[in-house]
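Structure first, commentary second.
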Amino acid sequence: MPIRIEHLSYIYGEGTSFEKKALDDISLEIGDGEFIGLIGHTGSGKSTLIQHLNGLNKASSGRILVDGEDIRSEGYSLKKLRGKVGLVFQYPEYQLFEAEVLKDVCFGPHNQGLSDEEVLARAKEALAAVGLDESYYEKSPFDLSGGQKRRVAIAGILAMKPKVLVLDEPTAGMDPKGRDEILALLKELHESQNITVILVSHSMEDVAGCVSRIIVLDEGKILYDDAPSGVFRHARELEKVGLAAPQMTYVMQALLKDGWDVNADASTVPQARDEILRVLNKG
Amino acid sequence: MLKDITLGQYYPGTSIIHRLDPRVKLVGTLVFIISLFAFGSISAYIVATAVLVIVIRISEVPPKFMLKGLRAIFVLMLITALFNLFLTPGTVLVRFWKLTITQEGLRMAIHMAFRLSYLIIGSSVMTLTTTPNQLTDGLETGLRGLKKIHFPVHEVAMMMSIALRFIPILMDETDKIIRAQEARGADFDSGGIIKKAKALVPLLVPLFVAAFRRANDLAMAMEARGYHGGEGRTKMKPLVYKTRDYVSYLLFVLYLIVMFLTRKYIKIDFPL
C-alpha cells in the first residue's frame, strides 16, 4: 500500500495572529515494507505530517494518495483509512481508558465493525506480538510500567491490522533498556508482519540501528531524504538544525581524519566495533 | 467545538486596553454589566454598543474573537429568549395553540438577548486583553479588604488562577486524546444520544487521569518551591495605578452619567 504525498502544506490557525506554517510543500513517496525514520527537532512539523497520513489533519493545500486514491476525495472512508494507516501517539496515556488491558486493545478492531470472536482473536494476537502474555490480559493499563503501557498502546493499533504503522516518538521518556526493547520490538514487527513502519523521533541514535531510510524535517521542509549513512555524512548541517549524527559516526569520522582507513558509515556500536576490528586485524 | 469558548483565552497585544491595570478592567466590566441591567432601553443599548465598539477598536483584538464567545452560548440565549417570550404574563399579542406571546414577553425576550450577548462580549473584552494571572492578581488586590472578615482571598485567587491556567492545557489535551482515539477508529460525531454519550468514555477517562496527574505534579512542584499560602507573600510585579488607570475610572463615571442623562432626557423605548 504505497503512500504518495504531493506538495503538502499545512498552516496552523489560518487567519489569526497565531498563524504558523507547519508544513511547507512536502512531496514524498513511501513504498511497501519500508522502515523509515522521520527526524526533526521539536516543532519541525513531524507530528503534524504524520497526522495527515491517516486523515486527522486536513492539508491546507496539496494532496495525499494512499493506494493511488486521494484520501480527501468525495466518499473516501477516513475510518477505513485509519485501519490501514495505524498511528500510535507519543503518550500511551492519551489512548488507554479501559479497566483491563485486553479490553483496551479490543477497542480498535471493535470500531472496525468486526465480529466479537474476530476482535478477541486479533487483540490476543496483537498482545502476543508486542510480547505481553495472558497474565496481562486482566491487569489495569494504569498499573503498568511506562514501557508496558507503550506496548499496550502499540498492540491497540496493531490489532487493527494496519499496513502502515506510524509511531510518534515511541521511546520518549524511556530508560535505555526500555528504549532498546521497544526498538527491537518494532524491528521484529517490521520483519515478521511485513508492514511499513514510520518511526518519528528526534534522536538519530534511536533510528540508526533499525531504519533503511531517514527523512529529516526542518521548519516544515524536507532537509534530507536518504539512506542513514547518506544522512549522517551531513553531521555538521544536522547540528545546525538542532539535531546530531549518532555518536559512533563522530568516532568513525575522527578515526578517518586521524588516518585510519575505516568506513565512516558505521553508525551503531556493533557496526563500529566490527569496522574497527576489521581495520586492526588487517594491519 | 471546544475551541469556540473564548472566556479565559488571552489574545496577546500591546494596546492601551491590554496595559490597563486589571482592577480597572474588572471594575469596568462590572460597571458595564450592571448598566446593561439597570438601564434597559433602546437608547441605553445604543450607548452601550457605541462604547463596546470603541473599546474593541482600541483593544486591537479582531472582533471575530469576541463573537466566537457568543456562538458557544447561542443555545442558552435561545432558550432564555423563548422562555421569556412565551411565559411572561401580560397583554396578549398573538395566540396560537397553547402558546401565547405577550407584549411584555416580547420585550423581555429582546432585553434578555441584548443583555446576555453584551454581557458575554463585554467580559470577553476583559479576558481577551488580560492574562489570567493579571486577572487573579487584580481580584486578589481588589478584594484584599475581605480578609478582615476571614474570607480566604489569596486561596480563592490562587484556585482561580490555576483553574484558568489549566483551561487551555486541558483543551489541548482533549484535542490530542480525541485524535488518538480517532486513530483507533473512534467516532464522536454520529449515532443517537446514548451512543454519543458512550463514545465519550474513551475521551473522558484519559482526560481525568491526565487532570489528576497534572494536579498532583503541580502540588508537588509548588511545595518544592516552598509555597505556604498567602501569608507574607510578596509580588514580583505589584499592581500600581498609573494615570491611564485614573483616566479610565473617570471615563466609567462619565459613562454612567451619560446613561443616566439619556434615560432622563432622550429615552427611546421599544415601540410596544
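Determine whether segment B:116-137 contains at least one residue that is in a helix (DSSP H, G or I), touching a residue at least 60 places away in the same chain (Cβ under 8 Å), of a type outside the set (Lys, Arg) and over 24 Å from B:Leu67 (Cα atoms). There is at least one residue in segment B:116-137 that is in a helix (DSSP H, G or I), touching a residue at least 60 places away in the same chain (Cβ under 8 Å), of a type outside the set (Lys, Arg) and over 24 Å from B:Leu67 (Cα atoms). Taking the criterion of being more than 14 Å from chain B (Cβ to nearest Cβ) and either touching a residue at least 24 places away in the same chain (Cβ under 8 Å) or among the hydroxyl-bearing types (Ser, Thr, Tyr) (or both), the only residue of segment A:107-116 that qualifies is A:Ser115. Of all the residues in segment B:81-102, those that are open to solvent by less than 60 Å² (accessible area, probe 1.4 Å) and touching a Ser or Thr at 6+ places or on another chain (Cβ under 8 Å) number 4.
Contact map, segment B:192-209: residues that are facing another protein chain (nearest Cβ under 10 Å) paired with residues that are open to solvent by less than 50 Å² (accessible area, probe 1.4 Å) and among the small types (Gly, Ala, Ser), Cβ distance under 6 Å, separation 6+ or inter-chain. Pairs shown: B:Pro202/B:Ala186. When segment A:143-170 is filtered for residues that are outside any helix (DSSP H, G or I), out of contact with any strand residue (DSSP E or B) (no Cβ under 7 Å at 6 or more places or on another chain) and surrounded by fewer than 24 Cβ atoms within 10 Å (Cβ to Cβ), the ones remaining, listed by number, are A:Leu144, A:Ser145, A:Lys161. Is it the case that A:Ile198 is part of a strand (DSSP E or B) and more than 14 Å from chain B (Cβ to nearest Cβ)? Criteria not met by A:Ile198.
Each residue in segment A:49-106 was checked for being facing chain B (nearest Cβ under 10 Å) and of a type in the set (D, E, K, R), and 6 of them qualify. Of the residues A:Leu102, A:Leu81, A:Leu87, A:Leu8, the single one that is surrounded by 14 or more Cβ atoms within 10 Å (Cβ to Cβ), under 26 Å from B:Arg214 (Cα atoms) and of a type in the set (A, V, I, L, M) is A:Leu87.
Take the conditions (1) out of contact with any strand residue (DSSP E or B) (no Cβ under 8 Å at 6 or more places or on another chain); (2) exposed (fewer than 14 other Cβ atoms within 10 Å of the Cβ); (3) over 22 Å from A:Phe232 (Cβ atoms); (4) away from every other protein chain (no Cβ under 14 Å); A:Thr42 misses just one of them, which is (3). From the list B:Ile16, B:Ile34, the one residue that fits, being in the same structural domain as B:Ala109 (by TED's automatic domain parsing), in contact (Cβ under 8 Å) with a residue 12 or more places away in the chain and surrounded by fewer than 17 Cβ atoms within 10 Å (Cβ to Cβ), is B:Ile16.
Taken over segment A:122-159, residues that are more than 14 Å from chain B (Cβ to nearest Cβ) and aromatic (Phe, Trp, Tyr) amount to 2. Each residue in segment B:153-181 was checked for being free of Cβ contacts under 8 Å to residues at least 60 places away in the same chain and within 12 Å of chain A (Cβ to nearest Cβ), and 8 pass.
The values are calculated or read from the model by the stated rules, or taken from the named source; none is laboratory data. Remember, it's a predicted structure, so these values are computed and weren't measured experimentally. Note that we place each Cβ from the backbone using ideal geometry, even for glycine, and neighbour counts take in every protein chain shown. Side chains included, ligands, DNA and RNA excluded: accessible areas come from the protein's heavy atoms. Shrake-Rupley method; radii C 1.70, N 1.55, O 1.52, S 1.80 Å.
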